[in-house]
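Data first, discussion second: the structure below is written as C-alpha cells.
The values are calculated or read from the model by the stated rules, or taken from the named source; none is laboratory data. This is a predicted model, so every value here is computed, not measured. All Cβ positions, even for glycine, are placed from backbone atoms using ideal geometry, and neighbour counts span all protein chains on display. In case anyone asks, the SASA skips ligands and DNA or RNA and just uses the protein heavy atoms, side chains included. Shrake-Rupley method; radii C 1.70, N 1.55, O 1.52, S 1.80 Å.
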Amino acid sequence: MQLPPRVTPRAFEQLAEIGAADQGQALRVAVEGGGCSGFQYEIKLDQPAEDDLVLEGNGEKVVVDSVSLPFLSNATIDFTEELIGARFVIDNPNASSSCGCGTSFSM
C-alpha cells in the first residue's frame with residue numbers, strides 16, 4: 001500500500017510566513033532523474049496542476065505530481081533552520097542512500 005507523503009506543521013507555518021497561498025502558490029515537491037545519487041528533489045513554489053496530489057494545512061498547500069508520488073511514499077516534508085541556513089527538507093524512507101546535501105538520493 002502506498003502512503004502519501006506527510007507535511008509537518010512547521011513546513012506549513014513557513015509557507016504561511018512567506019505568503020505562498022496569498023500569492024496563489026503551493027510548494028511543489030518533485031523527484032527528477034539526476035543528482036550525484038541518481039535522483040534529486042526539486043522543491044519550488046508553483047501553481048497546482050490537475051493531476052497533483054494536494055496536501056493542505058494552515059491554509060497552505062503542498063503538491064506532488066503523479067510521477068513523483070511513488071518515490072515520495074510515506075516521506076515527511078519538513079522545514080529546518082540550522083546554522084548553515086533554512087530550507088525545506090525531505091525524510092524519505094524509500095531512499096537507500098543520499099548525498100551530503102540532502103537533495104539527491106538513490107533507491
Check your understanding: If you scan region 23-42, which residues turn out to be modelled with pLDDT of 95 or more and over 17 Å from Pro4 (Cβ atoms)?
Key -> Gln25
Exercise for review: Taking the residues in region 50-90 that are small (Gly, Ala, Ser) and open to solvent by 50 Å² or more (accessible area, probe 1.4 Å) as candidates, determine which candidate is farthest from the chain's Cα centre (by Cα).
Suggested key: Gly59
Exercise for review: Would you check if there is a residue in region 5-27 being touching a Lys or Arg at 6+ places or on another chain (Cβ under 7 Å), in a loop (DSSP other than H, G, I, E, B) and over 17 Å from Ile90 (Cα atoms)?
Suggested key: no
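Could you please give the count of residues in region 44-80 that are part of a strand (DSSP E or B) and modelled with pLDDT of 95 or more?
Qualifying residue count for the region: 17.
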